[in-house]
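This report refers to the structure that appears directly beneath it.
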């Protein structure tokens, strides 16, 4: 199932992600969970980071193959966490909330100085 159309239409990275990217180690690895159309991965690539993208439908980020690791997986299907044992300098999650993933997300940023940036779907300013 493709991501909701509104997520594919998002092309500008979240100002929140851009603001806090300065806290990520320069050239660091970043896991972009539920990457949608890749707006954050594109920005990260342009700024020297090494993104890994995961989503249930990666059709909209196929053009990034060769520049970023892309994993197609439905994270809510109950399968094993595809990044077990891997550590990233940062994990970003925006417009997506699946609480059972939180232990995996935290474990994925267990590297010294690792960062987790999670912004769930919300209404309001």
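The values are calculated or read from the model by the stated rules, or taken from the named source; none is laboratory data. Just so it is clear, the model here is predicted, and its values are computed rather than measured. Here the Cβ positions follow ideal geometry from the backbone for every residue, glycine too, while neighbour counts run over all protein chains shown.
Which one of these does residue 53 not meet: (1) assigned to a loop (DSSP other than H, G, I, E, B); (2) modelled with pLDDT of 95 or more; (3) under 17 Å from residue 75 (Cα atoms)?
(1)
Is it true that residue 19 is within 14 Å of the chain's Cα centre (by Cα) and part of a helix (DSSP H, G or I)? Break it down stepwise before answering.
Details: within 14 Å of the chain's Cα centre (by Cα): no; part of a helix (DSSP H, G or I): yes.
No: the conditions fail for residue 19.
Can you tell me which residues in region 28-60 are surrounded by 19 or more Cβ atoms within 10 Å (Cβ to Cβ), in contact with a strand residue (DSSP E or B) (Cβ under 8 Å, 6 or more places away or on another chain) and more than 19 Å from residue 109 (Cα to Cα)?
36, 38, 58
For region 56-75, enumerate the residues that are outside any strand (DSSP E or B), touching a helix residue (DSSP H, G or I) at 6+ places or on another chain (Cβ under 8 Å) and touching a residue at least 24 places away in the same chain (Cβ under 8 Å).
Once the filter is applied, which keeps residues that are outside any strand (DSSP E or B), touching a helix residue (DSSP H, G or I) at 6+ places or on another chain (Cβ under 8 Å) and touching a residue at least 24 places away in the same chain (Cβ under 8 Å), region 56-75 yields 60, 61, 64, 75.
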